[in-house]
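A short write-up of the structure that comes next.
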Amino acid sequence: MRMARGRLRAGLRWVRSVLRTRRGQRRAVRIVAAAALLALLPSAWLYIAEGGRLRTVADAPSEPVAVVFGAGLDQGRPSPYLAHRLDAALALYRAGKVKALLVTGDNGHTGYDEPDAMRTYLLQHGVPAERVVRDYAGFDTWDSCSRAHRIFGVDRALLVTQGFHVRRAVGMCRAAGIDAYGIGVDEPHDTTWYYGGVRELPAAGEALLDAVLKPAPSLLGPKVTTLARWG
């Protein structure tokens, strides 16, 4: 332990001595700039590659299904952000842009069930029960996209989520094998919105790895063919 602390102190002294020189300062600036560039590259990839895949409810193409991603519950009911996603999905359905809705979210423990809450909301707003399919193992964006394709047979879809998340959702679903377009829901730029935007920076790096490596989702299971009738 003492040896490790001694090495740490020696390393810090060396760093301070280097930073006192102009050459060392320039080197430190270059290292920081390179690190920042590497951190931003995944976000730049999503912004450039998927920007042309964003649509509104009005100009969205007609597709068999809309995939709605979970966004938290409030006392068992959809949170405001999730309700806004569901409202956008309702608008797509009522406009005839989609024939069915796949609601994907977290049901990882007893007492927390995003898909059932999402389905209940949609049924209360007039969507027939047979048009709403639930994915209980959409624990994150990659799992939702991968399972939509591998388990539910989705090849083409509109993706409904907030604007700060929509590019990542499109990028990951396309990597999973879905010809996808994103419908970004607008929100006031409040604390939740800014938090979501900041969270996308590290999440973009993870998305790039998932797009390249294409890992299996956390859970698989038997195929569900319910959506095939609307394809």
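All of the numbers you see were taken from the coordinates with simple rules; none came from a lab. This one's a predicted model, so the numbers in the text were calculated from it and none came from an experiment. So basically every Cβ, Gly included, is an ideal-geometry build from the backbone, and we count neighbours across all protein chains shown.
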Response to the item:
Once L209 and A58 are pulled to full extension, the length gained, defined as 0.36 nm per residue separation minus their Cα-Cα distance, is 51.1 nm
Item to complete: Please turn the phi angles of region 213-219 into ³J(HN,Hα) values with the Karplus equation 6.51 cos²θ - 1.76 cosθ + 1.60 (θ = phi - 60°), one per residue in order, whole Hz, x for glycine and proline.
Response: 7, 6, x, 5, x, 4, 10
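When the expected Rg is taken as 2.2 N^0.38 Å, what fraction or multiple of it is the alpha-carbon Rg of region 54-230? Please report the intermediate quantities before stating the final value.
Working: Rg = 14.7 Å, N = 177, 2.2 N^0.38 = 15.7 Å.
Relative to the 2.2 N^0.38 Å estimate, region 54-230 comes out at 0.94.
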Worksheet item: So, in Å, what gap is there between the alpha-carbon centers of region 135-190 and region 64-111?
Response: 11 Å
Practice prompt. Be a star and scan region 96-117 for residues whose amide nitrogen sits under 19 Å from the point 7 Å along the Cα-to-Cβ vector of D74.
Written response: 106, 112-117
Worksheet item: Within straight cross-link reach of K223, meaning Cα distance under 18 Å, which lysines are found once same-chain residues fewer than 8 apart are removed?
Response: none
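Within a Cβ distance under 13 Å of Y136, other residues only, what is the Lys/Arg minus Asp/Glu net charge? Let's see the in-between values first.
Working: positive: R119, R134, R147; negative: D106, D113, E114, D116, D135, D143.
My count for the surroundings of Y136 gives -3.
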Worksheet item: By how many nm would the segment from T120 to T225 grow when fully extended, if each residue of separation counts as 0.36 nm and the alpha-carbon distance is taken off?
Response: 35.7 nm
Worksheet item: Which distance in nm do the two modelled labels at H189 and A216 give, with both placed 7 Å along the Cα-to-Cβ direction?
Response: 4.4 nm
